[in-house]
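Everything below concerns the one structure shown next.
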Amino acid sequence: MDQTAEGADKPDSAVVRDALGVGVAVGLSGFAFGVTSAGSGLGLLQTCALSLLVFTGASQFALVGALAAGGNPFTAAAGAFFLGVRNAFYGLRLSQLLALPRALRPFAAQWVIDETTAVTLAQPTRRPARLGFTVTGLSLYLLWNLTTLLGALGARAIGDTRAWGLDAAGPAVFLALLAPMLKTVTERAVAALAVLLGLGLLPVLPVGVPVLVAALAAPLALFVEGRRRDGTRQEEQAGSEEDR
């Protein structure tokens, strides 16, 4: 169904309920980021600035995780940047679907992330899509920044976060967000290959570099998938010619 076409809109109450559910559930994980960031050595203002300005959980966790492990800041920033590139592709799709006024687009771009994209694309028409995007983005942005602040303050109060095992909070939250998105065989293959590359190269490469190398899992898996489809297509063509 074309989401921009006229049709039966989803009730506003249902859209708001679903959007708030996503915003609150994911927004609470900002606490884990605040703790992790503070444990990596970043100050309170630096931690809060990341959530205010970057506002993409995977990139933020990747950055502070690499810094916490003693990685080079430039390498850590590069890994975070490449993780955030996907949001640009989300923006291409959402710009057509939402068709927001030009004056609002720079502000809406700040909220183009995994969660807002998922809620927006789940709506049947443009009106609930706009509502879902707005409610998810607003609730998640406010709660993520609030819990980031609380997490950073809490980390300063408890001292060494590693003694409490809180340094593992970031990777755990990232995996929890990622796992439900791996629905196809190709997506799972990419994730598995990325894990193998990242863990396998960890002992031999500088901190932060294995994450960048692991990104090669996507083109490799897509290449293999393309070759497999080409082979299947050729077999089907050969079979149809034999039937003739």
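None of the figures in this text is laboratory data; all of them are computed from the coordinates on show. Note that this is a predicted model, so its numbers are computed, not measured. FYI the Cβ positions are ideal-geometry reconstructions off the backbone, even for glycines, and counts take in every protein chain you see.
Structural remarks
- Rg/Rh for the stretch 73-160, where both radii come from Cα atoms and Rh is the Kirkwood radius: 1.08
- Computed over the stretch 1-119, the P(r) curve from all C-alpha pair distances, binned at 10 Å from the origin, holds 12, 36, 32, 15, 5, 0 percent per bin.
- For Leu201 and Leu45, the FRET efficiency from 1/(1 + (r/R0)^6), where r spans their Cβ atoms and R0 equals 35 Å, is about 0.55.
- The spread of Cα positions in the stretch 41-102, taken along each principal axis and listed from longest to shortest, comes to 43, 22, 14 Å.
- Neighbourhood charge, 15 Å Cβ-Cβ cut-off, centred on Ala108 and excluding it, Lys, Arg +1 and Asp, Glu -1: +4
- Projecting label points 7 angstrom from Cα along Cα→Cβ for Asp230 and Asn72 puts them 3.5 nm apart.
- Each eigenvalue of the Cα gyration tensor of the stretch 101-148, multiplied by 5 and square-rooted, gives one semi-axis; in descending order these are 19, 14, 8 Å.
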